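*Asks:* Structure below; questions to follow.
The values are calculated or read from the model by the stated rules, or taken from the named source; none is laboratory data. Everything quoted here is computed from the prediction, not taken from an experiment. Quick reminder, even Gly has a Cβ in these numbers, built from the backbone with ideal geometry, and neighbours come from all protein chains shown.
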Amino acid sequence: MIEFTIILLIKTLVVFGVSMLIVAYSTWIERKVLGLVQLRHGPMRVGWHGLLQPLADGVKGFMKEEVIPDNADKPVFVIAPIISIGAALSLLVIIPFGDTVTIMGREITLYLTDLDIGILYVLAISTIGSYGCMLGGWSSGNKYGMIGALRAGAQMISYELPMALAVISVVMVCGTLSLVGIVQSQAGLWNIVKQPLAFFLFIICGLAEINRTPFDMPEAEAELACGFNVEYSSMKFALFFMAEYCHMFIFGSLVTTLFLGGWHGPLLPGPVWFFIKTFAVIFFCVWERSTFPRYRYDQVMELGWKILIPAGLLNIVLTGLWMVIFNI
Amino acid sequence: MEKKDYVMKVSGRRPEKGNYLVPLFKGLAYTLKNYFGKPITIQYPTERRKIADRWRGLHRLKVDDQGKLKCVACGLCAKICPPQAITIVPYEEEGGTRYPKEFIIDEIRCIFCGFCQQACPKDAIELTKVYDYVDYHREDFKFDIEKLKTPEKFIFTGK
């Protein structure tokens, strides 16, 4: 029992540390890729090619003055970033980084837990994360914040549905809700081949869910100044920021898990393949940000309800037919 | 009755709804090409844009072999200077040697036209390629003889 606890503790620390490192460095990736796409250099001064930039940003975040507006709802204002980062971090629990390995005669699984309802847990907790945005924007007593919060709420609700529909067809193919089981069922053929439409839907809805550009309605810089986090400063802002990039990492690992075969891959060990695929998805997130203009708000709603949800339902029907005809 | 179309057509080239998928992928290809391209910005203090040989930057008062100023304080440069940025106080020794006691160029007033260089009969003043002098006060931009002798030390290195 003690041995189990110690192993679990070490695993938790490693997962937390590695994830925080990835979160910090995805800001570096973002700035670097955006810079290169715009024919600039991006960060170059702090460390080799700006590699220490995330540390400098972190120190800056701690040093900044903390401002709580007078007409803010203080308890909610304080608790909102905590909800946001808490939900993001609790999603890290079920991500399968790799298969079981044997170290010093003990079998160690390279994931924290394997919930039977893993993907359901993801959908549930990521919705709680949007409460962070909504409460934060609502409580800050600012009109931009409030409109950002309204948009965050509407967008999250609209895009949860097609995302869940895309996930359902994956679950139908794999026959399990557990993320580890889904990865194991992809040993031969990745789900992206079996479910191309679901993959497409999941990417679009995921981008909307993590508030990235084409769908960054809640924090549209040009329209809403900064959206729901406009009144936040110092470490509270940094928490929102970390939650956003943590969601990006989780989105990358979910796409990897559900569609790109998780840790499966030739030659290299499992976790290496997992991180290669995850970083490819993160790169895609930044790449499309540098390319696509933002959707108008009504167009976002229209795309969600009139195109993505019917497409998701159609995909489920097609998957069902396919499974009946080929008797899988 | 004949049906007339009263709706003015604003633009015939506007793509219909749902017809924007191909442009999206074109955009992705374009940004990816830029990503692998070479940045056009330069890392300024360490890396510098190439400037022309005839560049007119900060002034230098030349010295001869003995380390004395070539200038004889004739005042031609001060006379020809369009914004009147040059102030010269001459000094004459008993033997007849004449040199400037004070030679002040106000680098804020100066328009870097290079007339002083052309007017000088003794080839005593020239414009160097140094262009990045920074300071905090207006008085610091009034260069005296000491500063005018070595403009190279004002090249900004980022340190």
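*Asks:* Do any helices (runs of 4 or more DSSP H) lying entirely in the stretch A:60-178 carry at least 2 residues that are charged (D, E, K, R), and which ones are they? Break it down stepwise before answering.
*Replies:* Details: elements: A:74-90, A:118-139, A:143-174.
In the stretch A:60-178, A:143-174 are the helices (runs of 4 or more DSSP H) which contain 2 or more residues that are charged (D, E, K, R).
*Asks:* Follow-up. With the condition kept exactly as written, say whether any residue in the stretch A:191-205 is at pLDDT below 85, of a type outside the set (S, T, N, Q) and closer than 25 Å to A:Trp287 by Cα.
*Replies:* Yes, the stretch A:191-205 has at least one match.
*Asks:* For the structure I just gave you, tell me whether A:Val272 is within 21 Å of A:Met163 (Cα to Cα), more than 14 Å from chain B (Cβ to nearest Cβ) and out of contact with any Cys (no Cβ under 9 Å at 6 or more places or on another chain). Steps first, please.
*Replies:* On the way: within 21 Å of A:Met163 (Cα to Cα): no; more than 14 Å from chain B (Cβ to nearest Cβ): yes; out of contact with any Cys (no Cβ under 9 Å at 6 or more places or on another chain): yes.
It is false that A:Val272 is within 21 Å of A:Met163 (Cα to Cα), more than 14 Å from chain B (Cβ to nearest Cβ) and out of contact with any Cys (no Cβ under 9 Å at 6 or more places or on another chain).
The rows are residues; the columns are (1) crowded, with 16+ Cβ neighbours inside 10 Å; (2) among the aromatic types (Phe, Trp, Tyr).
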site: A:Ser253; (1), (2): yes, no
site: A:Leu258; (1), (2): yes, no
site: A:Pro266; (1), (2): no, no
site: A:Pro271; (1), (2): yes, no
site: A:Thr278; (1), (2): yes, no
site: A:Val281; (1), (2): yes, no
site: A:Tyr297; (1), (2): yes, yes
site: A:Trp305; (1), (2): no, yes
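*Asks:* Would you call A:Leu239 over 25 Å from B:Leu28 (Cβ atoms), more than 14 Å from every other protein chain (Cβ to nearest Cβ) and surrounded by 21 or more Cβ atoms within 10 Å (Cβ to Cβ)? Can you show your working first?
*Replies:* On the way: over 25 Å from B:Leu28 (Cβ atoms): yes; more than 14 Å from every other protein chain (Cβ to nearest Cβ): yes; surrounded by 21 or more Cβ atoms within 10 Å (Cβ to Cβ): yes.
For A:Leu239, the condition - over 25 Å from B:Leu28 (Cβ atoms), more than 14 Å from every other protein chain (Cβ to nearest Cβ) and surrounded by 21 or more Cβ atoms within 10 Å (Cβ to Cβ) - is met.
*Asks:* Taking the stated definitions as given, is A:Gly86 under 29 Å from A:Thr257 (Cβ atoms) and under 17 Å from the mean Cα position of the chain (by Cα)?
*Replies:* Numbers: under 29 Å from A:Thr257 (Cβ atoms): yes; under 17 Å from the mean Cα position of the chain (by Cα): yes.
Against the criterion (under 29 Å from A:Thr257 (Cβ atoms) and under 17 Å from the mean Cα position of the chain (by Cα)), A:Gly86 qualifies.
*Asks:* Please list, ordered by first then second residue, the pairs with beta carbon atoms under 6 Å, 6 or more apart or interchain, first in the stretch B:19-40 and at the interface with chain A (Cβ under 7 Å from one of its Cβ atoms), second in a helix (DSSP H, G or I).
*Replies:* Every condition considered, the pairs that remain are B:Gly27/A:Thr291; B:Leu28/A:Thr291; B:Thr31/A:Val37; B:Thr31/A:Ser290; B:Thr31/A:Thr291; B:Asn34/A:Val37; B:Tyr35/A:Leu36; B:Tyr35/A:Val37.
*Asks:* Right, another one. Quick check on my filter: what residues within the stretch A:280-297 are within 12 Å of chain B (Cβ to nearest Cβ) and of a type outside the set (S, T, N, Q)?
*Replies:* A:Phe283, A:Phe284, A:Val286, A:Trp287, A:Glu288, A:Arg289, A:Phe292, A:Pro293, A:Tyr295
*Asks:* Looking only at the stretch A:307-321, how many residues end up being more than 14 Å from chain B (Cβ to nearest Cβ) and surrounded by 15 or more Cβ atoms within 10 Å (Cβ to Cβ)? Walk me through how you get there before you give the answer.
*Replies:* Kept after step one, since they are more than 14 Å from chain B (Cβ to nearest Cβ), are these residues of the stretch A:307-321: A:309, A:312-321.
After this cut, where a residue has to be surrounded by 15 or more Cβ atoms within 10 Å (Cβ to Cβ) as well, the list is A:309, A:312-313, A:315-316, A:319.
Total meeting the criteria: 6.
*Asks:* On to the next question. Keeping to the stretch A:159-180, report how many residues are more than 22 Å from A:Leu321 (Cα to Cα) and in contact (Cβ under 8 Å) with a residue 60 or more places away in the chain. Talk me through it step by step, then tell me what you get.
*Replies:* Our first condition is that a residue be more than 22 Å from A:Leu321 (Cα to Cα); within the stretch A:159-180, this holds for A:159-160, A:178-180.
Of the ones still in play, those that are also in contact (Cβ under 8 Å) with a residue 60 or more places away in the chain are A:159, A:178-180.
Count: 4.
*Asks:* While we're on this one: Return yes when A:Ser253 is within 14 Å of chain B (Cβ to nearest Cβ) and not aliphatic (A, V, I, L, M) and no when it is not.
*Replies:* So A:Ser253 fails the test.
*Asks:* Mind listing whichever residues of the stretch A:40-59 are small (Gly, Ala, Ser) and either in contact with a His (Cβ under 7 Å, 6 or more places away or on another chain) or in a loop (DSSP other than H, G, I, E, B) (or both)? Give the derivation first.
*Replies:* Taking the stretch A:40-59 as the starting set, the residues that turn out to be small (Gly, Ala, Ser) are A:42, A:47, A:50, A:56, A:58.
Listed by number, the residues that qualify are A:Gly42, A:Gly47.
*Asks:* What are the residue pairs meeting all of these: first residue in the stretch A:190-208, first residue surrounded by fewer than 23 Cβ atoms within 10 Å (Cβ to Cβ), second residue among the charged types (D, E, K, R), Cβ atoms under 8 Å, and 6 or more apart or on different chains?
*Replies:* Partner pairs satisfying both residue conditions: A:Leu207/A:Glu288.
*Asks:* Then there is this: Output the residue which, of all residues in the stretch A:8-33 that are of a type in the set (Phe, Trp, Tyr) and free of Cβ contacts under 8 Å to residues at least 40 places away in the same chain, is nearest to B:Asn34 (Cα to Cα). Quick ask: steps written out before the conclusion?
*Replies:* Looking only at the stretch A:8-33, we keep the residues that are of a type in the set (Phe, Trp, Tyr), and these are A:16, A:25, A:28.
Still in the list and also free of Cβ contacts under 8 Å to residues at least 40 places away in the same chain: A:25, A:28.
Values: A:Tyr25: 22, A:Trp28: 18 Å.
Within the stretch A:8-33, the match that is nearest to B:Asn34 (Cα to Cα) is A:Trp28.
*Asks:* While we're here: For residues that are more than 11 Å from every other protein chain (Cβ to nearest Cβ) and without any contact (Cβ under 8 Å) to a residue 12 or more places away in the chain, scanning just the stretch B:41-52, find the one that is farthest from A:His41 (Cα to Cα). Before the answer, list the steps.
*Replies:* So in the stretch B:41-52, the residues more than 11 Å from every other protein chain (Cβ to nearest Cβ) come out as B:48-52.
Cutting the leftovers down to without any contact (Cβ under 8 Å) to a residue 12 or more places away in the chain gives us B:48-50, B:52.
Working: B:Arg48: 15, B:Arg49: 16, B:Lys50: 19, B:Ala52: 25 Å.
Per the criteria, the residue is B:Ala52.
*Asks:* Test each condition in (1) modelled with pLDDT under 85; (2) surrounded by fewer than 24 Cβ atoms within 10 Å (Cβ to Cβ); (3) touching an Asp or Glu at 6+ places or on another chain (Cβ under 9 Å); (4) of a type outside the set (S, T, N, Q) for A:Cys133 and report the one that comes out false.
*Replies:* Of everything listed in (1) modelled with pLDDT under 85; (2) surrounded by fewer than 24 Cβ atoms within 10 Å (Cβ to Cβ); (3) touching an Asp or Glu at 6+ places or on another chain (Cβ under 9 Å); (4) of a type outside the set (S, T, N, Q), A:Cys133 misses just condition (2).
*Asks:* Give the residue, chosen from A:Val14, A:Val23, A:Val46, that is surrounded by fewer than 18 Cβ atoms within 10 Å (Cβ to Cβ) and more than 14 Å from chain B (Cβ to nearest Cβ). Spell out the reasoning first.
*Replies:* Working: A:Val23 fails: surrounded by fewer than 18 Cβ atoms within 10 Å (Cβ to Cβ); A:Val46 fails: more than 14 Å from chain B (Cβ to nearest Cβ).
Sole residue among the options that is surrounded by fewer than 18 Cβ atoms within 10 Å (Cβ to Cβ) and more than 14 Å from chain B (Cβ to nearest Cβ): A:Val14.
*Asks:* If A:Ala187 satisfies all but one of (1) closer than 29 Å to A:Gly58 by Cα; (2) not in a helix (DSSP H, G or I), what's the number of the condition it fails?
*Replies:* For A:Ala187, the failing item is (1).
*Asks:* Continuing with the same structure: Select from the stretch A:26-43 the residues that are within 30 Å of A:Tyr111 (Cβ to Cβ) and not hydrophobic (A, V, I, L, M, F, W, C) and write down the one among them that is nearest to the other protein chains (Cβ to nearest Cβ). Reasoning before the result, please.
*Replies:* Step one: list which residues in the stretch A:26-43 are within 30 Å of A:Tyr111 (Cβ to Cβ), which gives A:26-30, A:32-33.
Next, from what is left, pick out any that are not hydrophobic (A, V, I, L, M, F, W, C): A:26-27, A:30, A:32.
Values: A:Ser26: 16, A:Thr27: 18, A:Glu30: 13, A:Lys32: 10 Å.
So the residue we want is A:Lys32.
*Asks:* Which residue, of A:Gly265, A:Gly312, A:Gly227, is modelled with pLDDT under 85 and in contact with a Pro (Cβ under 6 Å, 6 or more places away or on another chain)?
*Replies:* On the way: A:Gly265 fails: in contact with a Pro (Cβ under 6 Å, 6 or more places away or on another chain); A:Gly312 fails: modelled with pLDDT under 85.
Within the list A:Gly265, A:Gly312, A:Gly227, the selection yields A:Gly227.
*Asks:* Being surrounded by fewer than 16 Cβ atoms within 10 Å (Cβ to Cβ) and over 12 Å from B:Cys74 (Cβ atoms) is the filter here; which residues of the stretch B:95-111 pass it? Outline the logic, then answer.
*Replies:* Narrowing the stretch B:95-111 to residues surrounded by fewer than 16 Cβ atoms within 10 Å (Cβ to Cβ): B:95-98, B:101-102, B:108-109, B:111.
Those that are surrounded by fewer than 16 Cβ atoms within 10 Å (Cβ to Cβ) and over 12 Å from B:Cys74 (Cβ atoms): B:Gly95, B:Gly96, B:Thr97, B:Lys101, B:Glu102, B:Ile108, B:Arg109, B:Ile111.
*Asks:* Inspect all residues belonging to the stretch B:71-88 and state whether any of them is under 30 Å from B:Pro151 (Cβ atoms), within 14 Å of chain A (Cβ to nearest Cβ) and modelled with pLDDT under 90.
*Replies:* No: zero hits.
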